[in-house]
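Novice: So that we are looking at the same thing, I have put the structure below in structure tokens.
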Amino acid sequence: MDNFINIALPKGRLGDKVYAALKQAGYPCEALEDPGRKLIFENPEAGVRYFWVKPSDVAIYVERGAADLGVAGKDILLEYAPDVYELLDLGLGKCRMAVAAPKGFRDDTRRTLKVATKFPHIAGSYYTSLGRDIDIIKLNGSIEIAPILGLSDVIVDIVETGSTLRENNLEVVETVVPISARLIANTAQFKFKNQKILAIRNSLAKILG
Ligand code: PRP
């Protein structure tokens, strides 16, 4: 795909913020600001082509070279370990991966701990590092319900404001890892389009730094 730098943006609030920074950095795209149902937009003068994709799919587009650059949460990078370069911590979309449980929960270490999560790899490595025996229950959303219904003892999930936990009478037991959005690059394209990719990375660093 040509001389353009192809950039996968995560659809939603984070993507909007990232695009605002890219625009300020000298990579605007007028078409993207009045998108309708279109998903691909380009600005030949600035040499960029943007795609909106599902946030959890960005790393797949970048790993397979359908996008040269993308923005993905550290949670996705830790969970799926895609073969991409992480170029910059954008400092946006800050939250944390945490263990949470019903208020007053006490871990009985004689029993296997039941852990519900969308992130089995992150949860698994965390408890392995503690030497704690667990049973992982992989769910796809609304994780907070699991301990309330007795499906699990605890959850490992993203906590941003903490209001989802509060409203469901859960509390953070432990932080697993801080999370934020990262600029990622396809490894082959990083070599072929090195100067252009670094120019984008550096101007974003200046604006967000
Ligand atoms: C995430 C996460 C929590 C919530 C945390 O869910 O899984 O449920 O946000 O945010 P808070 O601390 O600000 O309340 P998301 O909105 O991505 O939905 P999902 O559970 O359907 O994936």
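Novice: Identify all residues within region 75-95 that are over 25 Å from residue 206 (Cβ atoms), under 11 Å from the mean Cα position of the chain (by Cα) and surrounded by fewer than 18 Cβ atoms within 10 Å (Cβ to Cβ); write none if there are none.
Specialist: 78, 80
Novice: Could you please find all residues in region 189-203 being more than 22 Å from the chain's Cα centre (by Cα) and not in a loop (DSSP other than H, G, I, E, B)?
Specialist: Answer for region 189-203, where residues must be more than 22 Å from the chain's Cα centre (by Cα) and not in a loop (DSSP other than H, G, I, E, B): 191, 192, 194, 195, 196, 199.
Novice: In region 178-197, what residues are open to solvent by 30 Å² or more (accessible area, probe 1.4 Å) and either among the small types (Gly, Ala, Ser) or without any contact (Cβ under 8 Å) to a residue 12 or more places away in the chain (or both)?
Specialist: The answer is 188, 191, 192, 194, 195.
Novice: Could you tell me which numbered condition residue 89 fails, if it satisfies all but one of (1) under 22 Å from residue 6 (Cβ atoms); (2) in contact with a His (Cβ under 8 Å, 6 or more places away or on another chain)?
Specialist: It is condition (2) that residue 89 fails.
Novice: Let me ask something additional. Which residue is farthest from the ligand (Cβ to nearest atom), if the candidates are limited to region 111-142 and must be among the β-branched types (Val, Ile, Thr) and in contact with a helix residue (DSSP H, G or I) (Cβ under 9 Å, 6 or more places away or on another chain)?
Specialist: 134
Novice: If you take the residues in region 96-110 that are small (Gly, Ala, Ser) and surrounded by 15 or more Cβ atoms within 10 Å (Cβ to Cβ), which one is farthest from the ligand (Cβ to nearest atom)?
Specialist: Looking at residues that are small (Gly, Ala, Ser) and surrounded by 15 or more Cβ atoms within 10 Å (Cβ to Cβ), I get 101.
Novice: Condition first: touching an Asp or Glu at 6+ places or on another chain (Cβ under 9 Å) and of a type outside the set (S, T, N, Q). Now tell me which residues in region 33-59 satisfy that.
Specialist: Those that are touching an Asp or Glu at 6+ places or on another chain (Cβ under 9 Å) and of a type outside the set (S, T, N, Q): 41, 48, 49, 50.
Novice: I've got another one for you. Name the pairs: first residue in region 139-152 and in contact (Cβ under 8 Å) with a residue 12 or more places away in the chain, second residue within 11 Å of the ligand (Cβ to nearest atom) and assigned to a loop (DSSP other than H, G, I, E, B), Cβ to Cβ under 6 Å, at least 6 apart or on different chains?
Specialist: Pairs found: 144/168.
The values are calculated or read from the model by the stated rules, or taken from the named source; none is laboratory data. Keep in mind that what you see is a predicted model, and the values were worked out from it rather than measured. Using ideal geometry, Cβ is built from the backbone for each residue, glycine included, and neighbour counts are taken over all protein chains shown. We work out accessible area using only protein heavy atoms, side chains counted, and drop any ligands, DNA or RNA first. Shrake-Rupley method; radii C 1.70, N 1.55, O 1.52, S 1.80 Å.
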